[in-house]
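The values are calculated or read from the model by the stated rules, or taken from the named source; none is laboratory data. None of the values given here were measured: they were computed from a predicted structure. Here Cβ is always computed from backbone atoms with ideal geometry, including for glycine, and neighbour counts include all displayed protein chains. Note: accessible area is taken over every heavy atom of the protein model, side chains too, but ligands, DNA and RNA are not part of it. Shrake-Rupley method; radii C 1.70, N 1.55, O 1.52, S 1.80 Å.
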Amino acid sequence: MGRAQATEGGSRSAVPAAVCFVYLTTASRTVAKIIFLNRYFHPDLSATSQMLSDLAFALAEGRKEVRVVTSRQRYEDPRARLPAYERIRGVEVHRVWTTRFGRMSLAGRVLDYASYYVSAFVVLLRLTRRGDVIVAKTDPPLISVVAWWVARLRGARLVNWLQDVFPEVAIALGVVRRRALVRPLVALRNGSLRGADMNVVLGERMRQTIVSLGAMPQRIAVIHNWADGALIRPVPQEENPLRRAWGLDGKFVVGYSGNLGRVHEFGTIVGAMERLRSDDGIVFVFIGGGSGRPGLERAASAAGLRNVAFFPYQERARLSESLSVPDLHVVSLLPQVEGLVVPSKVYGIVAAGRPFAFIGDPDGEVGRLVSRCRCGFTVVVGDADELVRRLLELKADPRLGTEMGANGRRCLDSELDRVYGVGRWGVVLERLCDTRPAAIDKVDKADV
């Protein structure tokens, strides 16, 4: 089992081995392939890519035959031309042709999606055999429908790995104003949920959502996203080369790391930056990208804010340093998308031993995590004054932030580490690879 626990750098997790990689004890029993479907995969740095890469590499190390059908693009570089085929750490990677318009225009994004649907369908149909397991993520939206069709044609098993619920997210954000326009898509998507052998969701509220859409409760497993606690470790501020390189020594840094998307709320953060514009000891740092970043940069520039800095995504090997830069992280989620999306950035934050402020619903998935792990605090959307008050408390008494960060790291080590998530996935996939009908009737909560 130790081999499966090793990270790229060869380090090991401290999580008890009895919990880790359950599937390895029975890996030799089956020969079915596991085929993942997602637009991004290693070496891409997006959150969905990193989760998928962790799982695929661990399964391959556990002697599973793993294939990935992905695109040749990177999340931040639609013009990238990754190899059409390669084998990485035992995983066969099939990168299909797509258009390359990127995420900045809706029309271009739709064309990128459509071309991936067609190309992925052709390749998936060629790769899949009876008894194989297809795992469809949710980038692009509705790819589960393509996977469902192939599974039915080939006699394969289907697992939907829901990182979000579309088109409900678009409806909640007002992007789609008339539900009638998406009813055919909803009907197809609901068919893929009902037709799946298992639907894996990120939290209890998402479980409730897809039950309401017709998925069978006994074929739903809650498996939270994770962080690699062996790869991401707390880095003391005085030893962090990124703080020095970015000129942040001696500052209280409020950070946002990862995707700045439409489901996130930034008005509260901007309000806090405006209120603290005269405090030279506080800097707001944004590390990452996404559709919301240009608007946030414009808002900061229009307000004449000098207490804000923007940096690109950092390589995975530097995540310990980049996630340890802030004294306080900020995570935000619009309340209307609770049950549809769960921000995965929180797991890296707690791995780095840093506290975070959650701007959103206190009774949402992240709000509950904050309360359970005591790793930060929650602020309702729009209450910039409360955000300012709480971060000034942490600035005045660094021990508060240190305690919250340590609480978060303990929570990661006990339940949120990569090995727990991959081990739970192993239970689900091993039962699906077992062709006996009784094996997939139900996955007990105790298992996942």
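The stretch between VAL186 and LEU111 holds 25.1 nm of extra length on full extension. This uses 0.36 nm per residue minus the Cα-Cα distance.
Taking square-rooted eigenvalues a ≥ b ≥ c of the alpha carbon gyration tensor, is the range 245-316 rounded, prolate or oblate, where a/c under 1.5 means rounded and, failing that, a/b exceeding b/c means prolate? Since a/c reaches 1.5 but b/c is at least a/b, the shape of the range 245-316 is classed as oblate. Residues within the reach of a label modelled at ARG179 (point 7 angstrom out along Cα to beta-carbon, backbone nitrogen below 20 Å), restricted to the range 330-350, are 335-341.
Using a 1.4 angstrom probe on heavy atoms only, work out the carbon and sulfur share of the accessible area of the chain in %. Numbers along the way, then the final one.
Working: 9640 of 18110 Å².
Its accessible area is 53 percent carbon and sulfur atoms.
When the trypsin sites (Lys or Arg not before Pro) in the range 306-350 are filtered for DSSP coil states and for at most 12 other beta-carbon atoms within 10 Å of their beta-carbon, the remaining sites are ARG306.
So if we plug the beta-carbon distance of GLU65 and SER212 into 1/(1 + (r/R0)^6) with R0 = 22 Å, what FRET efficiency do we get, rounded to 0.05?
E between GLU65 and SER212, to the nearest 0.05, is 0.05.
Where a ≥ b ≥ c are the square roots of the eigenvalues of the C-alpha gyration tensor, would you call the range 73-220 rounded, which needs a/c under 1.5, or, failing that, prolate if a/b is larger than b/c, or oblate? It comes out oblate by the Cα gyration axes. Evaluating 6.51 cos²θ - 1.76 cosθ + 1.60 at θ = phi - 60° for every residue in the range 190-195, the Karplus couplings come out as 4, x, 5, 6, 5, x Hz, glycine and proline recorded as x. Farthest towards the positive end of the charge dipole of the chain, among the residues VAL66, VAL235, LEU412, is the Cα of VAL66, using unit charges on the Cβ of Lys, Arg, Asp and Glu. FRET efficiency for the ASP280 to ASP363 pair, using the beta carbon distance and R₀ = 56 Å, is estimated at 0.90.
On a per residue basis, the chain carries 40 Å² of accessible surface, using protein heavy atoms and a 1.4 Å probe.
Per DSSP helix of 4 or more residues, -39500 (n - 2.57); summed, then divided by the residues of the chain. What does that give at 222 nm, rounded to the nearest 500? Can you show the working numbers first?
Values: 16 runs with 169 residues, N = 448.
Mean residue ellipticity at 222 nm (helix-derived): -11500 deg cm²/dmol.
In terms of its C-alpha gyration tensor, the range 334-379 comes out prolate, because a/c is 1.5 or above and the ratio a/b outweighs b/c. Along the range 173-183 the Karplus relation, 6.51 cos²θ - 1.76 cosθ + 1.60 evaluated at θ = phi - 60°, assigns HN-Hα couplings of 8, x, 5, 9, 9, 10, 4, 4, 5, 10, 4 Hz to successive residues, with x for each Gly and Pro. In this Cβ point-charge picture (+1 for Lys and Arg, -1 for Asp and Glu), the range 196-239 has a dipole of about 340 debye about its Cα centre. Axis of helix 418-433 versus longest Cα principal axis of the chain: the two differ by about 20°, to the nearest ten degrees. Helix 293-302 axis versus longest C-alpha principal axis of the chain: approximately 20°, rounded to the nearest ten. Computed from backbone phi, the HN-Hα couplings of the range 277-291 come to 4, 8, 8, 5, x, 10, 10, 9, 10, 10, 10, x, x, x, 5 Hz, rounded to whole numbers (Karplus: 6.51 cos²θ - 1.76 cosθ + 1.60, θ = phi - 60°; Gly and Pro given as x). Taking only the Cα atoms of the range 269-408, the ratio Rg/Rh comes out at 0.93, with Rh defined as the Kirkwood radius. Positive-end ranking of LEU185, THR209, TYR116 along the dipole of the range 98-255, with charges on Cβ about the Cα centre, is headed by LEU185. A simple spin-label model places the labels of THR402 and SER291 4.3 nm from each other, with each point 7 Å out along Cα-to-Cβ. Rg/Rh, computed from the Cα trace of the range 79-152 with Rh as the Kirkwood radius, has the value 0.98.
Could you tell me the relative contact order of the range 66-204? Use alpha-carbon pairs under 8 Å, at least six residues apart, and round to a whole percent.
Relative contact order, the range 66-204: 17 percent.
Spin-label model, ARG374/GLU239: points 7 Å from Cα along the beta carbon direction are separated by 2.6 nm. A dipole drawn for the chain from +1 and -1 charges on Cβ atoms has a positive end, and of VAL159, VAL337, SER371 the residue lying farthest that way is VAL159. The angle separating the long axis of helix 143-154 from the principal Cα axis of greatest extent in the chain is about 20 degrees. Comparing ALA120, ALA221, ALA317 in a Gaussian network model of the chain where C-alpha atoms under 10 Å apart are linked, the largest mean-square fluctuation is found at ALA317. Dividing the convex hull volume of the alpha carbon atoms of the range 373-427 by its residue count gives 89 Å³ per residue.
Output the relative contact order of the chain, whole-number percent, from Cα pairs under 8 angstrom with separation of 6+ residues. Walk me through the numbers on the way to the answer.
Numbers: 865 pairs, mean separation 74.1, N = 448.
It comes to 17 percent, rounded to a whole number.
The charge dipole of the chain, taken about the Cα centre with unit charges on the Cβ atoms of Lys, Arg (+1) and Asp, Glu (-1), comes to about 1680 debye, rounded to the nearest 20. Each of ARG157, ARG389, ARG418, ARG126 has its accessible area taken with a 1.4 Å probe; listed largest first, they run ARG126, ARG389, ARG157, ARG418.
Using only alpha carbon pairs under 8 Å that are at least six residues apart, calculate the relative contact order of the range 273-371 and give it in whole percent. Can you show the working numbers first?
Working: 103 pairs, mean separation 23.7, N = 99.
Result for the range 273-371 is 24 percent.
Cβ-Cβ distance of ARG152 and GLU315, R₀ of 35 Å, FRET efficiency by 1/(1 + (r/R0)^6): the value works out to about 0.30.
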